[in-house]
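The values are calculated or read from the model by the stated rules, or taken from the named source; none is laboratory data. The shown structure was predicted, so the numbers you read here are calculated from the model rather than taken from an experiment. Virtual Cβ from ideal backbone geometry, glycine too; neighbours counted across all protein chains shown.
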Amino acid sequence: MLLNYDEINDLDRYKIMSGTVIPRPIAWIVTEDDGVINAAPFSYFIPLSSNPATLVVSIGKKNDTTPKDTLANILKTKKATICFANKENLEKLKLCANALAKNESEIQTYAIEVSKVLEDFPPMISSSQSAFFCEFYDTIKIPGATTPVILEIKKQFIEDNRIDAKMHVSVENVGRVGTSFAAMVVL
């Protein structure tokens, strides 16, 4: 079968692409605006470069076509904390996919514990084994309803026992595998 992407609608194209590029890590992106902490799950993200240390996340729009809170907050504050999901916090992550008003916090609504690791970045999800503290780098202009955002990783939290002297990382991240989630151990 040969699929012609020009003949496939956006939703079906997303389903095909996201079901093919697997496994994908789950980015729990934490942003802040006027004291409201937003925590939203994203599986359309991936490392882009190690020098500079950057990653790209594609952020769609709300049903009313306004920018999602994550995008609006990143563009306003130029900061984001990317936390990785694991089996311990997967159920809370799934709850955060529910749409809330801009002035409502997933952290408060779903009683998610956070830690303020760095003063000048949004907090991280306390149960995450690793988190990136990122600054806005740029957006990529493409046609369509998503905005690819490039974030530069400035610092990383990782639990002490999850990295060895040779910088080998062992985390128990949960990733997206087609329409389901799977635990992945990164070696």
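Key figures for this structure:
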| quantity | calculated |
| --- | --- |
| Evaluation of Asp120 against (1) loosely packed, with under 11 Cβ neighbours inside 10 Å; (2) among the acidic types (Asp, Glu); (3) more than 17 Å from Asp33 (Cβ to Cβ); (4) touching a residue at least 40 places away in the same chain (Cβ under 8 Å) (one fails), failing number | (3) |
| Which listed residue, of Asp12, Asp64, Asp69, is in contact with a strand residue (DSSP E or B) (Cβ under 9 Å, 6 or more places away or on another chain) and at negative phi | Asp69 |
| Which listed residue is in contact (Cβ under 8 Å) with a residue 12 or more places away in the chain, more than 25 Å from Leu48 (Cα to Cα) and either surrounded by 16 or more Cβ atoms within 10 Å (Cβ to Cβ) or of a type in the set (S, T, N, Q) (or both), from Asn89, Asn98, Asn161 | Asn89 |
| Subset of the range 1-25 [part of a loop (DSSP other than H, G, I, E, B) and modelled with pLDDT of 80 or more] | Met1, Asn4, Ile8, Asn9 |
| Residue ranges of helices (runs of 4 or more DSSP H) in the range 26-113 with at least 3 members closer than 29 Å to Arg162 by Cα | 90-95, 106-109 |
| Matching residues in the range 43-86 - criterion: being of a type in the set (Gly, Ala, Ser), in contact (Cβ under 8 Å) with a residue 12 or more places away in the chain and within 26 Å of Val171 (Cβ to Cβ) | Ser43, Ala53, Ser58, Ala80, Ala85 |
| The range 16-29 residues that are buried (at least 17 other Cβ atoms within 10 Å of the Cβ), paired with ones that are in a helix (DSSP H, G or I) and modelled with pLDDT of 80 or more (beta carbon under 7 Å, 6 or more apart) | Ile26/Leu93; Trp28/Leu93; Ile29/Thr70 |
| Residues located in the range 157-187, provided they are part of a loop (DSSP other than H, G, I, E, B), out of contact with any helix residue (DSSP H, G or I) (no Cβ under 8 Å at 6 or more places or on another chain) and modelled with pLDDT of 60 or more | Glu159, Asp164, Ala165, Lys166, Met167, His168, Glu172 |
